[in-house]
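See structure below.
The values are calculated or read from the model by the stated rules, or taken from the named source; none is laboratory data. These numbers come from a predicted model, not from an experiment. Don't worry about glycine lacking a Cβ; one is built from the backbone with ideal geometry, like all the others, and counts go over all protein chains shown.
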Amino acid sequence: MRRSPRRLTSDCTPREDTVIVRMAEPEAGILLELLFQRYPHAEWATFARFGWRQAGETLVLTLAAIDAPRDGDLDPRVPHVAIDEAYTLRTALAADAHPLAIGVIHSHPSGCEPEPSSIDDDMDAYYARYYADFAPGRPYVSLIASHVDDELVMSGRIWWQGAWLGARRIIAERRPLRTWTLRAAGHIDAPLRSRTARLTAAFGEAAEHQLRSATVAVIGAGGTGSAAIEVLARAGVGHLIIVDPDRVDDSNLERLHGSTLHDAEQQTPKARVAARHVASIDPTCRVTAVIGALPQADIVHAVIQADVAIGCTDQQHSRLALADLTVRYLVQSIDCGVMLEGRDGAVRGQIVQLIRSLPADPCPYCREMIDSVRVTQELMSPEDRAARRAAAGEAQSRGESGSPYWHDLPQLNTVGYLTTMAGAVAAGYAIGWITDRFTTPFARLQMNLVAPFLDVTDADGIPDPTCACRRSRGWADQGAADAFITAPAHWPPPQWVSKRHR
Amino acid sequence: MSRERIDRELSLLRAGSLEVEYLSGPPEFVLYRAVPTSGAAIQLPAESDVIVPVPPGYPASMIDLAGLPVGSPFLARVKGGVNSQGVVQADGRQWQLASYHPHNNGGGPPWNPARHGFHTYIDQLIAWLDRLQ
């Protein structure tokens, strides 16, 4: 598969760049070590399995497993990749036992761009037909990795529904990776350049391009989310996806960035307030704002295209839904929340919490963060909630416990400086991940502003081996049977308040 | 509602020779046919059909309640049977939902979606129809 001089077109030239490929640790690290084991002079390769979801016009692929070559599967005597037929057949037969897409990933040697050669064209044309027989109805994936100007670069093309599609973006968890087709992107407006000069001075010129090319999803556009959105927009993030089902009321004005008295009077959707506020900060920032909630299908379509997601809601079902996208669609995310403990003027705790949520991290169930009674009540229809409350009252009037029917859950108190702090710091870590300049040095960070020691962090937890999150990592739609949550039928359909995703 | 998950759980039950069906809604139910009872000892049927609502957002929401055909003699004898949680139409019949909450302080384990589902709820239904009052 050594590259030949670049050709303009071939039968395998992608028709459109409509594919996003996602990879997470540890698979991404294992993959790159494997691919570059003969670098810089020779190539290497592996088969791999991918989950997928057709998200509108975009096909999202998620690296679920690597079927690494065994001794004899690749010919070590030649500098290019020569795959033994037995290896090909083994991966094809294995497709009977899993529902995932099959792909080949190979490296190019030093000095070679990840441009498919004519030999690559022949291989892909052959494998696309070959695997269609063994894994019908599934995409065939071909990725090429190389180093260009000391940068890790990958290209990809996918045979799907009778056509070759190109990879628009290839995203690797917390790892700088340039997608080959993005070479021409990244025009930066002069005003933005001067506005982000301080950030660029600290993080480098590349950071500005990385942020401009990035998509960040913010789930919840209340006090915490609106602060995160403001920081991200001012930092020059190119595309924001904003999701919130609620409308502004008077009690939000104390902490909702961008909101006005008029919004409270008109009960403006929070997603609309956020979109308007971003436009006032940076009109060139693309905004996809929606009134709705995860895991509604159209919203899942949008969020799984993000480089990073930030969870900014106090609803446990929303945390579960975002965690599900982290696990199955490999969307790295940060969950943030705040709590103000106190009564009658005595403030006992002012807590900001950030939780790192990477695909290999323990999920909220493993971390024992989920109260199923609370989640069940959150997901009930308003009619069911009223009926349950009435049944609890009747039980209590009979002298019985009302708890099987309804638990009154305390309203969490909060305050603008805490929500702003949580959202801003979460946005900072998102910027750190996107630019690869720093990462979260914690699994969970809790800061209590009135405690003797300001910060408490805890170590990585251990996932529960029986949890669904261990079975479905990277399985995308093919792991639907292990989804943490589904969208209740009684929820209203999403309403898009600004540009819809592709 | 996670149809894929429910299908998987019902497959497990069918593999154990139990007769179960998913009833599409709205509202959605799982119908368990011929669930064994301890009724024979008191001249009642030895088995009964039971429906269970699919909760919104399942599996994040816990499975709760159980329904018997309206007029079933078991309604007066099962836990929560006289405390109706509503009458629903499903499978061409009317069913009365009983106040049975095994995963919510009702005698069963706390809901854990990694371990529980419609395939394990059968245990709660068998216990329910065994402990007749």
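Data for the structure
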{"quantity": "Those residues of region A:308-331 which are surrounded by fewer than 24 Cβ atoms within 10 Å (Cβ to Cβ) and more than 14 Å from chain B (Cβ to nearest Cβ), in sequence order", "calculated": "A:314"}
{"quantity": "All positions within region A:366-420 that are assigned to a helix (DSSP H, G or I), touching a residue at least 12 places away in the same chain (Cβ under 8 Å), at the interface with chain B (Cβ under 9 Å from one of its Cβ atoms) and out of contact with any helix residue (DSSP H, G or I) (no Cβ under 8 Å at 6 or more places or on another chain)", "calculated": "A:373, A:391"}
{"quantity": "The lone exception for residue B:126 - which of (1) more than 14 Å from chain A (Cβ to nearest Cβ); (2) of a type outside the set (Ser, Thr, Tyr); (3) over 15 Å from the mean Cα position of the chain (by Cα) it fails", "calculated": "(3)"}
{"quantity": "Index of the failed condition, residue A:441 passing every other in (1) part of a loop (DSSP other than H, G, I, E, B); (2) in contact (Cβ under 8 Å) with a residue 40 or more places away in the chain; (3) over 30 Å from residue A:52 (Cβ atoms)", "calculated": "(2)"}
{"quantity": "Every residue from region A:366-408 that is at positive phi and assigned by TED's automatic domain parsing to the domain that holds residue A:336", "calculated": "A:368"}
{"quantity": "Residue that is farthest from the chain's Cα centre (by Cα) [pool: residues in region A:71-81 that are over 15 Å from residue A:40 (Cα atoms) and exposed (fewer than 14 other Cβ atoms within 10 Å of the Cβ)]", "calculated": "A:77"}
{"quantity": "Residue count, region A:129-170 (criterion: under 20 Å from residue A:115 (Cβ atoms) and not in a strand (DSSP E or B))", "calculated": "2"}
{"quantity": "Tally, over region B:1-23, of residues that are in a loop (DSSP other than H, G, I, E, B) and buried (at least 17 other Cβ atoms within 10 Å of the Cβ)", "calculated": "2"}
{"quantity": "Residue in region A:446-484 that is farthest from the other protein chains (Cβ to nearest Cβ), counting only those that are in contact with a Ser or Thr (Cβ under 8 Å, 6 or more places away or on another chain) and either charged (D, E, K, R) or under 30 Å from residue A:272 (Cα atoms) (or both)", "calculated": "A:476"}
{"quantity": "Cβ-Cβ under 8 Å pairs, at least 6 apart or on other chains, region A:207-225 side among the charged types (D, E, K, R), far side in a strand (DSSP E or B)", "calculated": "none"}
{"quantity": "Hits in region B:63-78 - residues which are more than 18 Å from residue A:394 (Cα to Cα) and either assigned to a loop (DSSP other than H, G, I, E, B) or within 14 Å of chain A (Cβ to nearest Cβ) (or both)", "calculated": "B:63, B:64, B:66, B:70, B:71, B:72, B:77, B:78"}
{"quantity": "Subset of region A:397-424 that is over 23 Å from residue A:223 (Cα atoms) and of a type in the set (Phe, Trp, Tyr) - its residue that is surrounded by the most Cβ atoms within 10 Å (Cβ to Cβ)", "calculated": "A:405"}
{"quantity": "Check on residue A:427, within 14 Å of chain B (Cβ to nearest Cβ) and surrounded by 21 or more Cβ atoms within 10 Å (Cβ to Cβ)", "calculated": "no"}
{"quantity": "Those residues of region B:79-116 which are more than 10 Å from chain A (Cβ to nearest Cβ) and within 24 Å of residue A:483 (Cβ to Cβ), in sequence order", "calculated": "B:108, B:109"}
{"quantity": "Flag for residue A:437 being farther than 30 Å from residue A:199 by Cβ, charged (D, E, K, R) and in contact with a helix residue (DSSP H, G or I) (Cβ under 6 Å, 6 or more places away or on another chain)", "calculated": "no"}
{"quantity": "Per-region count, region A:171-219, residues modelled with pLDDT under 80, in a loop (DSSP other than H, G, I, E, B), surrounded by fewer than 18 Cβ atoms within 10 Å (Cβ to Cβ) and not acidic (Asp, Glu)", "calculated": "6"}
{"quantity": "Verdict on residue A:457 being outside any loop (DSSP other than H, G, I, E, B) and at pLDDT below 90", "calculated": "yes"}
{"quantity": "Filtered residues of region A:433-451 (kept if closer than 26 Å to residue A:202 by Cα and surrounded by fewer than 19 Cβ atoms within 10 Å (Cβ to Cβ))", "calculated": "A:436, A:437, A:438, A:439, A:441, A:442, A:443"}
{"quantity": "Residue check for residue A:341: in contact (Cβ under 8 Å) with a residue 40 or more places away in the chain, in contact with a Gly (Cβ under 6 Å, 6 or more places away or on another chain), surrounded by fewer than 23 Cβ atoms within 10 Å (Cβ to Cβ) and not β-branched (Val, Ile, Thr)", "calculated": "yes"}
{"quantity": "Filter result for the condition that a residue is part of a loop (DSSP other than H, G, I, E, B) and either touching a residue at least 40 places away in the same chain (Cβ under 8 Å) or within 13 Å of residue B:125 (Cα to Cα) (or both), over B:26, B:56", "calculated": "B:56"}
